[in-house]
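Written out below as structure tokens is the structure these notes cover.
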Amino acid sequence: MPDQWEKNLACATDCRTCGSKLDNNDQRILSVYTHEPICMNCKREEEKNADYSDQSKAMMSQCLKDTGKPYGDPEGYCFHHFCPYKC
């Protein structure tokens, strides 16, 4: 999935979790569970999951292993799991 994240995030016209439409000015973010673009409401719900912290840590570790870039690098795949993006 890391090789397709930018296209999936930039081109997302709907939330992959709830199906709500995303306009160009709407923020979207990658799910730490599915790595698919989701709306910010779904992100807030995702963050309430009991295993969210563990899943986030595992995702960051795997991301660094897969890409060689830390999650704080704005050019990296991992970054957009935690920082919203607009088209």
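The values are calculated or read from the model by the stated rules, or taken from the named source; none is laboratory data. These numbers come from a predicted model, not from an experiment. Every residue, glycine as well, gets a Cβ built from its backbone with ideal geometry; the counts of neighbours run over all protein chains shown.
Summary of computed values
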| item | result |
| --- | --- |
| Residue within segment 65-73 that is of a type outside the set (F, W, Y) and on the phi > 0 side of the Ramachandran plot present | yes |
| Counted residues, segment 45-79 - those being free of Cβ contacts under 8 Å to residues at least 40 places away in the same chain and assigned to a helix (DSSP H, G or I) | 18 |
| Criterion: among the charged types (D, E, K, R), modelled with pLDDT of 90 or more and buried (at least 18 other Cβ atoms within 10 Å of the Cβ) - qualifying residue of K57, K21, K43 | K43 |
